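Colleague: Here it is: the structure, laid out below.
The values are calculated or read from the model by the stated rules, or taken from the named source; none is laboratory data. Please read all numbers here as calculations on a predicted model, not as lab measurements. Quick reminder, even Gly has a Cβ in these numbers, built from the backbone with ideal geometry, and neighbours come from all protein chains shown. Note: areas computed on protein heavy atoms with side chains; ligands, DNA, RNA excluded. Shrake-Rupley method; radii C 1.70, N 1.55, O 1.52, S 1.80 Å.
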Amino acid sequence: FAMGGFLGVTGATIAISKAYRPQLWFGWVCFIIAMGALSTVRADTPVSHAIGIPVLLGLGGGIIYSSTYFPVLAPLPVSQNAHALALFAFFRSFAGVWAVTIGTAVLQTQLSHRLPQDFVEHFPGGVAIAYSAIPVIPTLEEPLRDQIREAFADSIRVIWLVMVGIAGLGLISSLFMKGLPLHTQVDESWGVSEEKNEHKLELPTHTK
């Protein structure tokens, strides 16, 4: 909900100011702070201490999600918008796949080092411990259950720290971005050639 609200606000500020770099910088900073705050959450951290972090994460994520279109479209002619957005959507989906892959790899590696060895031996080789161990945790006896919870919390913390580094690279890359003006005109020939071709196909043919 928070992310959806910030999407609209960011789009409105860009439309009014005709600038997109300040929004990107602010979004990356909020995202880095949110990831850093998430890395402080431990197994025994009260929920009340972490309840505001998703709002900050939604703020940064919403701004970044909605404002990254503009630096892609600004240097191109309006007639190339459709092709640029299609390529942009592909790269965004591809980046999502890499995000899941990197997060899973980090969590799996950290859990294999932090979980008690006698507990890990219950899972066959090649099985993702993160998904196999979670249903078992409520059935464990103390103090093993607390050890497993702490291992998960510390392992997930590493994911947030990795995200801080990735978001830092995003912020650095945006600092060197040129502030190109946004287009104010529209493509007058959009769809005209397609309509002409359709009319040609619909013309009746006369036979002798």
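Colleague: Residue check: is TYR65 hydroxyl-bearing (Ser, Thr, Tyr), modelled with pLDDT of 85 or more and open to solvent by less than 60 Å² (accessible area, probe 1.4 Å)?
Modeller: Criteria not met by TYR65.
Colleague: Within region 129-163, restricting attention to residues that are open to solvent by 40 Å² or more (accessible area, probe 1.4 Å) and among the aliphatic types (A, V, I, L, M), which residue is farthest from the chain's Cα centre (by Cα)?
Modeller: LEU144
Colleague: Within region 92-103, can you find the residues that are over 10 Å from the mean Cα position of the chain (by Cα) and open to solvent by less than 50 Å² (accessible area, probe 1.4 Å)?
Modeller: GLY103 - this is the single residue of region 92-103 that is over 10 Å from the mean Cα position of the chain (by Cα) and open to solvent by less than 50 Å² (accessible area, probe 1.4 Å).
Colleague: Right, something else. Which members of region 11-26 meet the condition of being closer than 14 Å to GLY179 by Cα, part of a helix (DSSP H, G or I) and open to solvent by less than 50 Å² (accessible area, probe 1.4 Å)?
Modeller: Once the filter is applied, which keeps residues that are closer than 14 Å to GLY179 by Cα, part of a helix (DSSP H, G or I) and open to solvent by less than 50 Å² (accessible area, probe 1.4 Å), region 11-26 yields ILE14, GLN23, LEU24.
Colleague: Mind listing whichever residues of region 164-181 are β-branched (Val, Ile, Thr) and surrounded by 12 or more Cβ atoms within 10 Å (Cβ to Cβ)?
Modeller: Once the filter is applied, which keeps residues that are β-branched (Val, Ile, Thr) and surrounded by 12 or more Cβ atoms within 10 Å (Cβ to Cβ), region 164-181 yields VAL164, ILE166.
Colleague: If you take the residues in region 72-91 that are under 26 Å from the mean Cα position of the chain (by Cα) and touching a residue at least 12 places away in the same chain (Cβ under 8 Å), which one is nearest to VAL162 (Cα to Cα)?
Modeller: PHE88
Colleague: Name the single residue that is nearest to GLU150 (Cα to Cα) among those in region 33-48 being open to solvent by 40 Å² or more (accessible area, probe 1.4 Å) and touching a helix residue (DSSP H, G or I) at 6+ places or on another chain (Cβ under 6 Å).
Modeller: Step by step, filter region 33-48, then rank; the result is ARG42.
Colleague: Could you check region 2-31 and list, in sequence order, the residues that are under 30 Å from ASP154 (Cβ atoms) and either modelled with pLDDT under 85 or touching a Gly at 6+ places or on another chain (Cβ under 6 Å) (or both)?
Modeller: ALA2, MET3, GLY27, TRP28, CYS30, PHE31
Yes/no matrix, rows are residues, columns are (1) in a helix (DSSP H, G or I); (2) without any contact (Cβ under 8 Å) to a residue 24 or more places away in the chain:
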position: THR104; (1), (2): yes, no
position: THR109; (1), (2): yes, yes
position: SER112; (1), (2): yes, yes
position: ASP118; (1), (2): yes, yes
position: PHE123; (1), (2): no, yes
position: SER132; (1), (2): yes, yes
position: ILE137; (1), (2): yes, yes
position: GLU142; (1), (2): no, yes
position: GLN147; (1), (2): yes, no
